[in-house]
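Please read the structure below before turning to the comments.
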Amino acid sequence: MISVSASAVDKAALEKWVPRTRVGKMVLEGKITSLKEVFDRNLPLLEPEIVDYLLPDLKYERIDTKIVQKMTDAGRRTRFLVVVVIGNENGFVGIGTGKAKQYVDALAKAIRNAKLNITPVRRGCGSWECRCGEPHSVPFTVRGKSGSVEVVLKPAPRGTGLVAGDVAKVVLRLAGLRDVWTESFGETRTTLNFAKAVVNALYNTYRFVTPVDWLKA
């Protein structure tokens with residue numbers, strides 16, 4: 001696994017951004033001030049610049065790079081395949097892939113794809129051994145699946161750390177989690193499916209309504 005951390009926000013492109021969708025115009029006009037509001041209102045996220053505008057502290061890490069080939073009538077065509085995970089280390093994470101003849105173009109495509117696939121993560125302190133009330137772990141046990149890989153995330157007490165594989169650690173850290181126990185099944189050597197399974201598990205943290213949400217209703 002190749003891991004490189006850097007900023008995922010292109011500030012120069014953001015300054016020239018002209019919104020093409022209704023949500024983008026609402027963000028630029030100040031009617032929407034947070035990315036969570038976009039998800040709460042179930043609005044479509046069709047422009048990566050929306051994520052750049054609302055999450056200026058976004059980071060990315062490249063977790064896999066390989067060369068893929070395809071046979072065509074003109075011969076064998078070679079391309080780069082890049083897998084990227086993005087997050088702000090504070091409740092948002094996404095994964096994306098990109099293919100292109102040039103590595104730089106493949107990386108840019110992967111980052112753009114990850115921004116459009118970003119998802120909110122519910123954090124909490126679900127471990128009965130801790131109960132500190134701080135959002136350092138998952139609020140309850142969740143499962144995620146992608147291909148043959150299945151991942152189970154379990155709440156851990158404060159100070160445990162991320163008990164997981166290298167790929168899962170990157171995803172969990174960028175999501176803003178510090179203490180999690182994990183259990184995995186299937187062909188976890190497939191980097192993309194392993195990372196997607198972890199992201200799917202984090203996405204499922206919002207599938208349940210907790211007593212805390214009763215007060216918000």
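The values are calculated or read from the model by the stated rules, or taken from the named source; none is laboratory data. Everything quoted here is computed from the prediction, not taken from an experiment. Please note: Cβ atoms are built from the backbone with ideal geometry, for glycine as well, and neighbour counts cover all protein chains shown. Each accessible area value is taken on the protein alone, full model and side chains, heavy atoms only, with ligands, DNA and RNA left out. Shrake-Rupley method; radii C 1.70, N 1.55, O 1.52, S 1.80 Å.
Would you point out the residue of the stretch 53-94, among those that are polar (S, T, N, Q), over 14 Å from Leu192 (Cβ atoms) and part of a strand (DSSP E or B), that is most open to solvent (accessible area, probe 1.4 Å)? Explain how you work it out, then say what you get.
Pass one, the stretch 53-94, residues polar (S, T, N, Q): 65, 69, 72, 78, 88, 90.
So of that shortlist, the ones also over 14 Å from Leu192 (Cβ atoms) come out as 69, 72, 78, 88, 90.
After this cut, where a residue has to be part of a strand (DSSP E or B) as well, the list is 69, 72, 78.
On the way: Gln69: 117, Thr72: 52, Thr78: 65 Å².
Per the criteria, the residue is Gln69.
Can you go through Glu15, Glu29, Glu37, Glu49 and tell me which one is more than 19 Å from Lys109 (Cα to Cα), open to solvent by less than 80 Å² (accessible area, probe 1.4 Å) and among the acidic types (Asp, Glu)? I'd like the intermediate steps shown before the answer.
Working: Glu15 fails: open to solvent by less than 80 Å² (accessible area, probe 1.4 Å); Glu29 fails: open to solvent by less than 80 Å² (accessible area, probe 1.4 Å); Glu49 fails: more than 19 Å from Lys109 (Cα to Cα).
Just one listed residue meets the conditions, Glu37.
Name the single residue that is least open to solvent (accessible area, probe 1.4 Å) among those in the stretch 95-106 being not aromatic (Phe, Trp, Tyr) and not in a strand (DSSP E or B). Steps first, please.
Initial filter on the stretch 95-106 (not aromatic (Phe, Trp, Tyr)): 95-102, 104-106.
With the extra rule that they be not in a strand (DSSP E or B), the set shrinks to 101-102, 104-106.
Details: Lys101: 136, Gln102: 116, Val104: 106, Asp105: 82, Ala106: 0 Å².
Among them, the one singled out is Ala106.
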